[in-house]
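Take a look at the structure below.
Just so you know, all these numbers are worked out from the coordinates, no wet-lab data involved. Model, not experiment: these values are computed from the prediction. So basically every Cβ, Gly included, is an ideal-geometry build from the backbone, and we count neighbours across all protein chains shown.
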Amino acid sequence: MEFKKVAVLGAGTMGLGIAQVMAQSGYDVVLYEIDKAIADKAVVKIGKLAARNIEKGKAPEGSDKIILSRIKTTANLQDVADCDLVIEAIIENMEIKKKVYQQLDVTCKPETILASNSSSLSLTEIAAATARPQQVVGMHFFNPAQVMQLVEVIPALQTSEEVVQAIMELCVKTGKKPIRVKEGPGFVVNRILIPGMNEAAFILQEGLATVEDIDTAMKLGANWPMGPFALCDLVGADVTLAICDTLYNETGDPKYRASSVLKNQVRAGYLGKKTGRGFYNYN
Ligand code: CAA
């Protein structure tokens, strides 16, 4: 199984990062968004990040142009038809995802593998929405995808072993460290990380310490690279809450219930960096 042309669906934070990783690794990339202008904007950002790598001496002169030449943007799903792999990084909504996978199923060539960057939804359910469930697999990157080395590879119940191995090998080729994880809510990282971030919000809710002090506590007391609130702002309060809710709904365990502080951040639209305001202000 050889990959040459890769589609990335969704040009949000994760899609942008994944597209850059793939293009940097020599793959031709089709970046799909419903609104092409969003994909075009993402490509401009990729260009800037790639140029910064050259300035820092981490990439050769001209590599930004090569990377950009490998990425094509589109708002037409038909343009991903001949891709060997589709990495889907769209909104975390099962109904929307199922519709998109059904469209991909009829659009893509029969060999195309469909990988989902979903952080918590059931791959088995997504796979079951297609006529090629053996070719559907989880490929979970971490934010910022250009920097974070891990990829969780999650076989659905139906995924073939050949597909799992091909994705594990692809991760290595792109400089990532894949780990294989059986399907379960939150997989490994989010099962540990998200309750930690939610617990920080409960600590805030109880008035035990300020946002800044809780972040300082985890940075200096536990060597986290960033505190839980800064991390929530990076990941997005909406994404954090959605994962929390999945952990709670899938297990029924009250230890995973979301804090009111987290819910209110989402209700207010204080989602983090992407909206300019979260627990911190970015304007
Ligand atoms: N995009 C691309 N590159 C970025 C970036 C971004 N958004 N943010 C930082 N970087 C790069 C910088 O350019 C820099 O690159 P060089 O080493 O080549 O100079 C490098 O990352 C380090 O950045 P900084 O020096 O600016 O800052 P830092 O040392 O504090 O690192 C960080 C920033 C990598 C984000 C670090 O704080 C960190 O690791 N934070 C934790 C991130 C984390 O836990 N991510 C997982 C979230 S959970 C998730 O994503 C899963 C999910 O499903 C929700």
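Subtracting the Cα-Cα distance of Lys173 and Lys65 from their residue separation scaled by 0.36 nm leaves 36.8 nm. Close amide H contacts of Glu88 (hydrogens built in the peptide plane, cut-off under 5 Å, sequence separation of 5 or more or a different chain): Leu9, Ala115, Ser116, Asn117. For the chain, the longest principal axis of the C-alpha atoms and the axis of helix 189-205 are separated by about 30°.
Estimated at 0.36 nm per residue, the fully extended path between Lys255 and Ala131 surpasses their Cα-Cα distance by 40.9 nm.
Do me a favour and compute the ellipsoid semi-axes for the range 1-43 from its Cα gyration tensor, root of five times each eigenvalue, largest one first, whole Å. Numbers along the way, then the final one.
Values: eigenvalues 68, 20, 12 Å².
Equivalent-ellipsoid dimensions as semi-axes: 18, 10, 8 Å.
For Lys5, the amide hydrogen comes within under 5 Å of the amide hydrogens of Asp84, Leu85, counting only partners 5 or more places away or on other chains and with H modelled in the peptide plane. Take the Cα of Lys99, go 7 Å toward its beta carbon, and the backbone nitrogen atoms of the range 34-50 under 13 Å from that spot belong to 34.
How long is the gain from Ile91 to Lys56 if the chain were fully straight, where each residue apart is worth 0.36 nm and the alpha carbon distance is subtracted? Don't jump to the answer; show the numbers that get you there.
Working: separation 35, 0.36 × 35 = 12.60 nm, distance 3.33 nm.
Going from the current span to full extension adds 9.3 nm.
For the range 114-202, the equivalent ellipsoid derived from the Cα gyration tensor has semi-axes of 23, 17, 9 Å, listed largest first. Annotation: the chain has a Kirkwood hydrodynamic radius of 19.5 angstrom, from the mean reciprocal C-alpha pair distance. Angle of helix 13-24 to the longest C-alpha principal axis of the chain, folded into 0 to 90 degrees and rounded to 10: 40°. Going 7 Å from the Cα of Lys45 in the Cα-to-Cβ direction, what parts of the range 248-270 have a backbone nitrogen less than 19 Å from that spot? Only 269-270 fall inside the zone, counting backbone N under 19 Å.
To the nearest 10 degrees, how steeply does helix 161-173 sit against the main Cα axis of the chain, on a 0 to 90 scale? Once rounded, the angle reads 80 degrees. Relative to the globular-protein estimate of 2.2 N^0.38 Å, the Cα radius of gyration of the range 1-145 stands at 1.02.
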